[in-house]
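The values are calculated or read from the model by the stated rules, or taken from the named source; none is laboratory data. Fair warning: this is a prediction, and the values are worked out from it, not measured in the lab. All Cβ positions, glycine included, derive from the backbone under ideal geometry; neighbour counts span all protein chains shown. What goes into the accessible areas is simple: the full protein's heavy atoms, side chains included, and nothing from ligands, DNA or RNA. Shrake-Rupley method; radii C 1.70, N 1.55, O 1.52, S 1.80 Å.
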Amino acid sequence: MLESILRKDIIGLGESMTNTFLAWRKMLPYTVPVYVMKEMEEKYFPNYAGAVTSGSGGGYVMVASEYAIEGELKIKVRF
C-alpha cells in the first residue's frame, strides 16, 4: 500500500484497501456483518478502485477514487 501511495497509483492503493478488508473478514468473520459485506459488494467494490470500512466492520467507508464523491470527506496524505 505504501508503494502505491508514494507512486500515486490509485489502482494499487484500491486493491490494497480491498484486500485488507477481505483479509480482515476472513480472519475475523463476525466483525463484518452480512449487510456490510453486501453493501460493499454492491456499491463500493464495483464502482471504485478499492474500499475499506473503518474497523473493517462498519462506521464509514474509505474509497480510493480519482473522482469526487457526493457527500465525501477528503483525506489528504502528506509525506
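Among the residues of the stretch 1-13, those identified as open to solvent by less than 70 Å² (accessible area, probe 1.4 Å) and over 14 Å from Met62 (Cα atoms) are Ser4, Ile5, Asp9, Gly12.
Being of a type outside the set (Asp, Glu), open to solvent by 90 Å² or more (accessible area, probe 1.4 Å) and either in contact with an Asp or Glu (Cβ under 9 Å, 6 or more places away or on another chain) or more than 22 Å from Ser4 (Cβ to Cβ) (or both) is the filter here, so list the residues in the stretch 35-56 that pass it.
The initial filter retains those residues of the stretch 35-56 that are of a type outside the set (Asp, Glu), namely 35-38, 40, 43-56.
Narrowing further to those that are open to solvent by 90 Å² or more (accessible area, probe 1.4 Å): 35, 38, 43, 47.
If the condition is that a residue be of a type outside the set (Asp, Glu), open to solvent by 90 Å² or more (accessible area, probe 1.4 Å) and either in contact with an Asp or Glu (Cβ under 9 Å, 6 or more places away or on another chain) or more than 22 Å from Ser4 (Cβ to Cβ) (or both), then Tyr35, Lys38, Lys43 are the ones that fit.
Here Gly59 fulfils each of the conditions (1) without any contact (Cβ under 8 Å) to a residue 40 or more places away in the chain; (2) part of a helix (DSSP H, G or I); (3) surrounded by fewer than 16 Cβ atoms within 10 Å (Cβ to Cβ); (4) of a type outside the set (Ser, Thr, Tyr) apart from (2). Screening Lys74 on (1) open to solvent by 70 Å² or more (accessible area, probe 1.4 Å); (2) assigned to a helix (DSSP H, G or I); (3) of a type outside the set (S, T, N, Q) shows it passes everything except condition (2). Filtering the stretch 14-34 to residues that are of a type in the set (A, V, I, L, M) and either touching a Pro at 6+ places or on another chain (Cβ under 8 Å) or open to solvent by 40 Å² or more (accessible area, probe 1.4 Å) (or both) leaves Leu22, Ala23, Met27, Leu28, Val34.
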